[in-house]
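Some notes on the structure that comes next.
The values are calculated or read from the model by the stated rules, or taken from the named source; none is laboratory data. What you see is a predicted model; the values in this text were computed from it and never measured. Heads up, the Cβs are rebuilt from the backbone with ideal geometry, glycines too, and the neighbour counts pull from every protein chain shown.
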Amino acid sequence: MRILDIPRAERRRRVDLHIRRDKMPSYLRRRAVRAYAEGMQRARGSAEGPSQQQLDFADWVKDVVDAFGDPPKEWSVTRIAREAGVHRNAIYDWMGARAKPQRETVAKFCKGLGLDYDEPARLLGWNEAPSVPKDLEGFIRRARALADHPGTSAERRRVLEARIEAAESTFRAAQEMEKTAEALLREALGEDADT
């Protein structure tokens, strides 16, 4: 369709919209663009589009940009990027759900703006690995779970079971030694074993 095929009144209306849009403060312009373009962008390299996690993260980033863009700060995306220590294109890619965020970049973004990293990590499904047990019983439980896992090879299972058995016997011996040491100290102090 050529520009002259559009009625004159419609052409003027479109030009007026552009002029009004350009005179808006940047935070209002971002809101207008956000309302219009919601869900319109596709992730780069993905035929089905962005994942739900990426869309949730994009909404979170848009909220952050809006919060910093609103008065009293009225920061632009460029200023937010400079303060956060990330490239502004990364922020635009996150807002449009066009790129998969990297942990280091998101952590840097949050740290630079003084935001909590747990929220975007939760939105992106970056659950931290469960804490490794520090006690011997915890290690034995973990090793037994690995040995019982169906994906563990027979050779690996055999090695694990041998080491688990050695660890359990050492653990039992240590418990017996602890009981003996406790009994000797109680006797030396003149305490009853029942107290």
Which numbered condition residue 24 fails, given (1) more than 24 Å from residue 125 (Cβ to Cβ); (2) at pLDDT 90 or above: (2)
Do we have residue 167 as at pLDDT 90 or above, in contact with a helix residue (DSSP H, G or I) (Cβ under 8 Å, 6 or more places away or on another chain) and in a helix (DSSP H, G or I) here? no
Check off (1) outside any helix (DSSP H, G or I); (2) closer than 21 Å to residue 135 by Cα for residue 191 and give me the number that stays unchecked. (2)
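Kindly check whether there is at least one residue in region 151-163 that is free of Cβ contacts under 8 Å to residues at least 40 places away in the same chain and on the phi > 0 side of the Ramachandran plot.
no
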Of the candidates 127, 89, the one satisfying the condition of being surrounded by 11 or more Cβ atoms within 10 Å (Cβ to Cβ) and within 30 Å of residue 58 (Cα to Cα) is 89
Within region 72-89, is there a residue that is modelled with pLDDT under 85 and either under 30 Å from the mean Cα position of the chain (by Cα) or closer than 23 Å to residue 49 by Cβ (or both)? yes
Going through region 156-195 one residue at a time, which ones are of a type in the set (A, V, I, L, M) and over 23 Å from residue 146 (Cβ atoms)? 173, 177, 181, 183, 184, 185, 188, 189, 193
Result of the Cβ filter at 8 Å on region 173-184, keeping first residues that are free of Cβ contacts under 8 Å to residues at least 60 places away in the same chain and partners that are hydrophobic (A, V, I, L, M, F, W, C) and surrounded by fewer than 10 Cβ atoms within 10 Å (Cβ to Cβ), at least 6 apart or interchain, is 183/193
Scan region 99-121 and report the pairs whose first residue is more than 16 Å from residue 59 (Cβ to Cβ) and whose second residue is part of a loop (DSSP other than H, G, I, E, B) and among the small types (Gly, Ala, Ser), with Cβ atoms within less than 9 Å and a gap of 6+ or a chain change. 108/85; 111/85; 112/85
